[in-house]
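Sharing a structure below in structure tokens format, with a few things to ask.
The values are calculated or read from the model by the stated rules, or taken from the named source; none is laboratory data. Given the structure is predicted, the values throughout are model-derived calculations rather than measurements. Positions of Cβ are backbone-derived with ideal geometry, glycine not excepted, and every protein chain shown enters the neighbour counts. Protein only, heavy atoms only, side chains kept; ligands, DNA and RNA dropped before computing areas. Shrake-Rupley method; radii C 1.70, N 1.55, O 1.52, S 1.80 Å.
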Amino acid sequence: MKSLKLFLSSVSILLFLFIFSSNLLAQEGIIRGFVYEKETGEPVIYTNVYLYKTSFGAATDVNGYFAISKIPVGTYSLMVTYLGFDTLKMEVNVRDNEIITKKLYLEKGTYMLDQVQISAEWEEARTETRTSVIKITPKQIKQLPAIGGQPDFAQYLQVLPGVVFTGDQGGQLYIRGGSPIQNKVLLDGMIIYNPFHSIGLFSVFDTDILRNADVYTGGFGAEFGGRVSSVMDITTRDGNKTRYSGKVGASTFGANVMIEGPIKKQKDGKGGSSSFILSAKNSYLEQSSKIFYEYINEDGLPFNYTDIYGKISLMGANGSKVNFYGFSFNDEVNKYQAIADYRWESYGGGTNFLVIPGKSPVLIEGHLAYSQYKISLEEDAAPPRESSINGFNLGFDFTYFIGKDEIKYGVEILGFTTDFVFSNSVGLEIQQKENTTELGAYIKYKKTAGKVLIEPSFRLQWYASLSDVSLEPRLAMKYNATDKFRIKFAGGFYSQNLISAHSDRDVVNLFNGFISGPDNLPKTFNGKKVTHALQKSQHAILGFEIELSRNVVVNLEGYYKNFSQLTNLNRNKLFEDNEVNARLYPEVLRKDFIIEDGYATGVDFTLKYDYKRFYLWAVYSLGYVIRRYEDVAGNLHTYHPHYDRRHNVNLLGTYVVGDKNDWEFSVRWNFGTGFPFTLTQGYYPLETFNQGIYTDYTTSNEDLGILYADINTGRLPTYHRLDVSVKKTFTLGRYTKLEANFSVTNLYDRDNIFYVNRITGERVYQLPIMPSAGLMFTF
């Protein structure tokens with residue numbers, strides 16, 4: 001009850017702030033609005049809008065929105081500069097206590113004046129804390145070698161600092177020591193529970209519909225809650241508002257189609273408009289591999305998926321808008337390796353909106369969405385597993401601009417149901433179905449004081465089903481020491497309720513299920529009483545940005561994530577947890593779950609060179625991940641989870657040639673030291689007593705028992721792979737072009753080990769050399 005009162009008090013404070021800021025008008029004037037591409041109507045993100053020959057200006061956000069406040073009365077030249085577009089310049093007259101709203105449209109230009117070529121990225125580096133966050137656009141994704149002829153978000157994530165990818169087949173992404181369950185994925189504000197397919201080269205997102213993706217690898221602000229490691233915040237495009245257009249593509253891996261266009265056309269910034277965008281992609285690798293890749297597996301590569309996403313956008317005359325969207329993603333693997341049947345499906349839909357009240361300087365954003373995810377797995381040598389999660393998330397965010405400073409605050413409500421069924425190695429069934437509600441409230445203040453940016457924030461997260469409140473202060477800072485050298489810091493407290501329906505100790509696992517509100521936990525850990533059922537972490541990140549030249553930027557970050565409490569499935573459960581067994585056996589043999597703790601620490605180094613036709617991205621990551629657990633006697637043991645990779649290197653290069661810049665060559669090389677695994681010490685005859693006390697051990701058939709060494713004390717060999725691609729673009733008309741691409745994955749055919757079958761000793765490898773080709777037609 002106390003936790004509920006605390007949460008309601010915090011929400012009341014946020015409501016007061018909203019009423020206060022909605023009625024407060026600055027004594028000076030305000031210029032706000034949106035910047036769009038005139039040709040498509042799409043927002044121009046992260047560009048600069050400023051008053052010429054003054055210090056007043058702002059950068060547009062992911063919606064193309066900008067706000068310049070506390071402007072003295074007078075007449076100014078409002079300018080917008082963005083590389084590749086003509087500079088826009090217009091006169092504005094600012095009056096006292098007036099809010100001016102503008103919709104600005106940029107036209108693609110053939111030249112730019114050198115004196116007004118201001119890089120949005122260069123400006124953002126000085127005006128945003130930007131610690132442990134990487135902004136990704138479709139242009140960056142397409143600079144990668146196009147595996148399977150399809151450049152994909154999942155492939156680009158693998159070259160980011162601090163990100164570890166565990167394999168081509170069923171591989172998952174682990175971000176600075178956090179497992180996939182500890183990473184929150186948002187698509188237009190909607191929670192996506194599994195964004196990656198069983199063949200780890202592809203995500204559920206079509207690159208051509210993405211506008212922007214922010215990947216927070218740690219130290220994220222209070223606007224995000226419910227996860228203890230990282231966040232991916234993905235935004236899709238609205239669709240072309242001026243004409244019908246699209247893309248159709250096919251490759252040796254799969255096919256994709258995207259179409260977009262106006263419902264109500266945009267007319268020179270006057271009145272409202274509406275548009276739609278629809279995309280679909282699928283894999284026919286199960287069929288095509290029997291033709292092109294029979295040398296890998298004579299029965300083919302049975303990785304099947306279909307992804308569909310649609311969106312309708314309605315825009316008002318002043319730039320306010322509402323979007324409606326829906327998706328259907330599914331994945332299936334049949335009879336491959338030790339898998340008998342694997343499938344998952346996910347679908348959902350929702351709406352989000354953006355409102356700029358006519359007489360208020362507040363920007364109001366909100367979202368309401370529902371999504372569902374269901375997965376099942378049957379293996380040859382393990383019991384079947386099933387898991388599902390479904391629920392809604394609702395949120396409102398309010399941003400108030402005060403000169404170069406801003407206040408952002410909001411509330412969020414989540415409700416979901418999890419259902420999980422699993423049998424462990426001795427046949428004991430673990431089943432849990434939970435209905436869970438979470439409520440969050442936050443406030444964030446950004447202050448610019450000379451060369452220093454300070455961004456304190458605070459989140460209050462109430463877990464209703466657990467009757468627990470988590471108080472989560474957070475802080476981000478940046479010091480602009482010089483124009484070319486910056487120091488930054490981020491840190492905070494984080495919590496989450498969801499746990500994974502597989503153990504972090506599993507080396508190979510396609511099963512990504514969910515469990516919430518676990519209550520069958522040990523009462524003590526490390527000699528201390530367990531006071532809550534939440535998973536919690538604390539982050540601290542220190543970084544340096546150095547501009548060696550206008551085209552060369554170096555970033556160095558050190559991080560420490562303390563996972564003070566984690567929950568894992570108890571693979572050692574032997575007895576039901578009842579009153580009789582409680583007197584006979586320790587908790588580690590009775591409880592469905594165990595408590596662990598640990599930490600992740602490391603250093604990430606990146607170097608980016610971007611000049612004219614050449615692009616280079618170099619990443620080196622040094623990481624350590626440690627977990628601790630209790631044995632039957634209550635003694636603590638330390639182990640490295642299977643994704644603990646000590647050294648990870650990624651090199652990416654792109655070069656564009658030709659009089660029309662119509663040839664592009666890309667290369668990517670990845671090197672990683674070996675993952676931990678548990679060694680096999682020996683074998684023994686295992687009597688299962690499948691007939692209970694009536695079992696005749698002299699005549700019954702025995703199973704093969706395995707004697708394991710300590711957890712993950714072995715290391716697999718190093719991993720490295722070279723991918724290359726070449727792309728040729730044929731321009732057929734103003735809007736039509738044909739793109740042909742050819743790529744080779746694992747060019748020198750490295751035998752990267754996936755795992756070793758403990759019974760047969762057979763080595764299973766990652767994907768060998770795989771050439772692919774594709775065509776993409778744009779209209």
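Would you calculate the separation in nanometres between label points at L704 and N581, each defined as 7 Å from the Cα along the Cα-to-beta-carbon direction?
Those two pseudo-labels are separated by 2.9 nm.
Provide the net charge surrounding S55, with neighbours chosen by a C-beta distance below 12 Å and charges set as Lys +1, Arg +1, Asp -1, Glu -1. Let's see the in-between values first.
Working: positive: K53, K70, K404; negative: none.
It works out to a net charge of +3.
Which whole-number value in Å³ per residue fits the convex hull of the alpha carbons of segment 166-312? Before the final figure, lay out the partial values.
Details: hull volume 17.9 nm³, N = 147.
Convex hull volume per residue, Cα atoms: 122 Å³.
To continue, here is another question. Roughly speaking, what is the stretch gain from K265 to L686, that is 0.36 nm per residue apart minus the C-alpha to C-alpha distance, in nm to one decimal? List each step's numbers first, then the result.
Working: separation 421, 0.36 × 421 = 151.56 nm, distance 7.20 nm.
Extra length from K265 to L686 when fully extended: 144.4 nm.
Continuing with the same structure: Can you compute the modelled spin-label distance between Y244 and E294, with each label point 7 Å from Cα toward Cβ, in nm?
So the two model labels end up 4.2 nm from each other.
What list of ³J(HN,Hα) values in whole Hz, one per residue of segment 760-775 in order, does the Karplus curve 6.51 cos²θ - 1.76 cosθ + 1.60 (θ = phi - 60°) give from phi, with Gly and Pro shown as x?
3J(HN,Hα) across segment 760-775, in whole Hz: 8, x, 5, 8, 10, 9, 5, 4, x, 4, 9, x, 8, 9, x, 10.
Heavy-atom accessible area of W663 with all protein chains present, probe 1.4 Å, nearest 10 Å²?
100 Å²
Moving to a separate point now. Quick one: order Y244, Y611 from most to least accessible surface, probe 1.4 Å. Don't skip to the end; give the middle numbers.
Numbers: Y244 140, Y611 95 Å².
Order by accessible area, largest first: Y244, Y611.
Can you compute the helix-only [θ] at 222 nm over the chain? Use -39500 (n - 2.57) per DSSP H run of at least 4 residues, normalise by all residues, nearest 500 deg cm²/dmol. Please report the intermediate quantities before stating the final value.
Numbers: 6 runs with 53 residues, N = 779.
For the chain, the value works out to -2000 deg cm²/dmol.
Roughly speaking, what is the stretch gain from H647 to D519, that is 0.36 nm per residue apart minus the C-alpha to C-alpha distance, in nm to one decimal? Present the calculation step by step, with values, prior to reporting the outcome.
Working: separation 128, 0.36 × 128 = 46.08 nm, distance 3.74 nm.
Gain on stretching H647 to D519: 42.3 nm.
Right, next: Which order do W669, W344 take by accessible area at a 1.4 Å probe, largest first? Please list the in-between numbers first.
Numbers: W669 80, W344 5 Å².
Result of the area sort, largest leading: W669, W344.
Next question. Label V92 and Y735 with points 7 Å out from Cα along Cα→Cβ: what is the distance between them in nm?
3.1 nm
Counting Lys and Arg as +1 and Asp and Glu as -1, what is the net charge of the other residues whose Cβ lies under 11 Å from the Cβ of N240?
Combined, the nearby Lys, Arg, Asp and Glu give -1.
Sticking with this structure for a sec: Any chance you could run the full-extension gain for K728 through V554? It's 0.36 nm times the residue separation minus the Cα-Cα distance, nm to one decimal.
Between K728 and V554, full extension yields 59.5 nm more.
Let me ask you something else. When all protein chains stay in place, what accessible area (Å², nearest 10, 1.4 Å probe) is found for E345?
100 Å²
Hey, can you list the DSSP H helices of the chain whose Cα span along the axis is 24 Å or longer and whose average Kyte-Doolittle score is at least 1.0?
Correct list, ordered by number: 2-23.
May I ask you to rank F253, F165, F730 by accessible area, largest first, using a 1.4 Å probe over the protein chains only?
Working: F253 5, F165 30, F730 90 Å².
The most accessible residue leads, giving F730, F165, F253.
Another question, if that's okay. I need to check one value: relative contact order of segment 325-424, counting alpha carbon pairs closer than 8 Å and at least 6 residues apart, in percent. Walk me through the numbers before you get to the answer.
Working: 228 pairs, mean separation 22.3, N = 100.
This gives 22 percent for segment 325-424.
Could you compute the net charge surrounding Y347? Neighbours are other residues with a C-beta less than 13 Å from the C-beta of Y347; K and R count +1, D and E count -1. Can you show the working numbers first?
On the way: positive: K374; negative: D307, D331, E345.
Once all neighbours under 13 Å are counted, the net charge is -2.
Another question about this same structure. Name the residue farthest towards the positive end of the dipole of the chain from the options N480, S743, G261, assuming +1 on Cβ of Lys and Arg, -1 on Cβ of Asp and Glu, about the Cα centre.
Result: N480, furthest along the dipole toward the positive end.
Amide H neighbours of Y755 under 5 Å, at least 5 residues apart or on other chains, H built in the peptide plane: list them.
Amide H to amide H, under 5 Å and 5 or more residues apart or across chains, Y755 pairs with V764.
Can you give me the relative contact order of the chain as a percent, contacts being Cα pairs under 8 Å and 6 or more apart?
Values: 2178 pairs, mean separation 78.5, N = 779.
Rounded, it is 10 percent for the chain.
Also, I was wondering about something else. Keeping all protein chains in place, calculate the accessible area per residue for the chain (probe 1.4 angstrom), answer in Å².
Values: 32540 Å² over 779 residues.
Ligands and nucleic acids excluded, the result is 42 Å² per residue.
For a quick size check, give me the Cα extents of the chain along its three principal axes, largest first, whole Å.
Projected onto its principal axes, the Cα set of the chain covers 98, 64, 47 Å.
For segment 352-363, take each phi angle, set θ = phi - 60°, evaluate the Karplus expression 6.51 cos²θ - 1.76 cosθ + 1.60, and give the result in whole Hz per residue in order, putting x for glycine and proline.
Each residue of segment 352-363 in turn: 9, 9, 9, 10, 10, x, x, 10, 10, x, 8, 9 Hz.
If I ignore ligands, DNA and RNA and count only protein heavy atoms, how much of L651 is accessible to a 1.4 Å probe, in Å² to the nearest 10?
L651 has an accessible surface of roughly 80 Å² with all protein chains in place.
For the chain, which whole-number percentage of the solvent-accessible area (1.4 Å probe, protein heavy atoms only) is attributable to carbon and sulfur atoms? Don't jump to the answer; show the numbers that get you there.
Values: 18650 of 32540 Å².
Of the solvent-accessible surface of the chain, carbon and sulfur hold 57 percent.
In the structure shown, do any of K267/K737; K311/K608; K447/K536; K38/K359; K53/K247 have a Cα-Cα gap over 31 Å, and if so which? Don't skip to the answer; put the middle values down first.
Numbers: K267/K737 26 Å; K311/K608 34 Å; K447/K536 28 Å; K38/K359 27 Å; K53/K247 43 Å.
Table pairs above 31 Å Cα-Cα are K311/K608; K53/K247.
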